[in-house]
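Where a number appears in this text, it was derived from the coordinates with a stated rule and is not lab data. Remember, it's a predicted structure, so these values are computed and weren't measured experimentally. For neighbour counting, all protein chains shown are included, and Cβ atoms are generated from backbone atoms with ideal geometry for every residue, glycine included.
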Amino acid sequence: MIGSISLEGLEFHAYHGVYPHERSSGNKFEVDVRVETTISDLAFKDDLAGTINYEDLYAVVKIEMEKPSKLLETVAHAIAGEVLRKFAEARHVEVKISKFNPPIGGVCRKASVVVQRKR
């Protein structure tokens, strides 16, 4: 059966940004990740082996968020690629990364990037 696994509103303090001050002091980021996946019958028999473990999915996001990068697109692409690599049953991944209070010279609650990758 095809279904999806999502983690929404993951919060990180990370060091992504073009400007030196963003990379030295960091900022607050929010990540949403949605994975379209094959869910096996095992999951419907209450066996975790039949689906993607939320903890394992979170670990992928956390590891990639810890790697400083200039662009959110780069980070989102890396997360999506690693999800496809780690979880053979994953078919499609959508990653949204939001940076709070981006340095744009005006008031902006958050700026977001969405990347989608599929097998």
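For the pair the stretch 48-112 / the stretch 1-27, the C-alpha centres are spaced 6 Å from each other.
What translational diffusion coefficient, to the nearest whole µm²/s, does the stretch 28-119 have by Stokes-Einstein, given a Kirkwood radius computed over alpha-carbon pairs, a temperature of 10 °C and 1.306 mPa s viscosity?
Details: Rh = 14.2 Å.
Answer, rounded: 112 µm²/s.
Counting only Cβ charges, +1 for Lys and Arg and -1 for Asp and Glu, the dipole size of the chain around its Cα centre is about 540 debye.
Taking 32 Å as the limit for the C-alpha separation, the pairs Lys67/Lys110; Lys45/Lys110; Lys45/Lys70; Lys45/Lys67 exceed it in the case of Lys45/Lys110; Lys45/Lys70; Lys45/Lys67. For the chain, the longest principal axis of the Cα atoms and the long axis of helix 72-86 meet at an angle of about 20 degrees. Highest mobility in the GNM of the chain, judged by mean-square fluctuation with C-alpha springs under 10 Å and restricted to Lys86, Lys45, Lys67, is found for Lys45.
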